[in-house]
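The values are calculated or read from the model by the stated rules, or taken from the named source; none is laboratory data. Worth saying up front: this structure is predicted, and the values here are computed from it rather than measured. Here the Cβ positions follow ideal geometry from the backbone for every residue, glycine too, while neighbour counts run over all protein chains shown. The area values use the complete protein model at the heavy-atom level, side chains included, leaving out ligands, DNA and RNA. Shrake-Rupley method; radii C 1.70, N 1.55, O 1.52, S 1.80 Å.
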Amino acid sequence: MEDPERDQRRAVRRRRRARLRAAELGRSRGGLTSKVHLAVERRCRPLSIILTPGQAADSPRFIPVLKKIRVRGRVGRPRTRPDAGGRRQGLLLPRQPCPPAQTQHLPEKADQAANRKKKGHSGGRPVSHDATLYKDRNTVERAINKFKEWRGLATRYDKTPESYAAGLHLRGSILWLRSLPALP
C-alpha cells in the first residue's frame, strides 16, 4: 500500500538535501554551516580561498589551497612552495618539502621532553623551536576576523555559494587594497 504522505515527506527531504548540497552547506555541531579554507601571508592578506560544506575537514583541503597560491617574484615562475610548515604538511607535500622541516612551530611539551630524556640516546635530540614562527600562528585567525567585519560574510546572508565566495574575494581584495601605500 502506498502512503501519499510518506512519499511527499521523502520528496521534501530529497529536495532539501539537494538544496543544501547546491548551497555548499553541511551539517556540523552548530547546525548548517559552510567552512572557508584560506591561506594568508604574514600581514593577514589572503592568498587563496576555498569554500566547502561545514563538516569538511581542514587537512584534505590543504593541497587544493596551496595549489591556488601564486606568488610573483621579480623573475621566473610564480612561487608555490610555502616558506615553513609542520610535520603533517611536510608529509602531505612529498614533492614540495617545506624547508625548515626540523623546526617545529609549537614548543616541546614538558612530558614529551621528560619521556625523550628518559630514553637516553635513543630518545633523539630535542626539537628546535622557532619563536617567531610560533608568534605568527594566529595570522589566519586574525585574517578571518577581518573577513567577519563584514556582517554579511559573518552571518552568510548570501544563499548561493557563488555569491558568498564572491563576497569573500571582494573582501580579500579590499584587504589587499588597504595595505597599498597612499598616492600623493
request  = Provide the per-residue ³J(HN,Hα) series for segment 36-42, in order, calculated from phi with Karplus coefficients 6.51, -1.76, 1.60 and θ = phi - 60°, each as a whole number of Hz, with x at glycine and proline positions.
outcome  = 9, 9, 9, 10, 10, 9, 5
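What is the extension gain from A182 to D158, computed as 0.36 nm multiplied by their sequence separation minus the C-alpha to C-alpha distance, in nm to one decimal? Could the numbers behind the result be given before it?
Working: separation 24, 0.36 × 24 = 8.64 nm, distance 3.22 nm.
Full extension from A182 to D158 adds 5.4 nm.
Give, in whole angstrom and from largest to smallest, the semi-axes √(5λ) of the equivalent ellipsoid of segment 108-184, with λ running over the eigenvalues of the Cα gyration tensor. Mind showing how you got there, number by number?
Values: eigenvalues 387, 69, 17 Å².
Equivalent ellipsoid semi-axes, largest first: 44, 19, 9 Å.
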task = For R77, R178, give the ranking by accessible area with the largest first, probe 1.4 Å.
result = R77, R178
ask   = Out of residues 5 or more away from L47 or on other chains, whose amide H comes under 5 Å of its own, with H placed 1.01 Å from N in the peptide plane?
value = A39, V40, E41
key: Distance between modelled label sites at V65 and Y134, nm, 7 Å Cα→Cβ extension   = 2.2
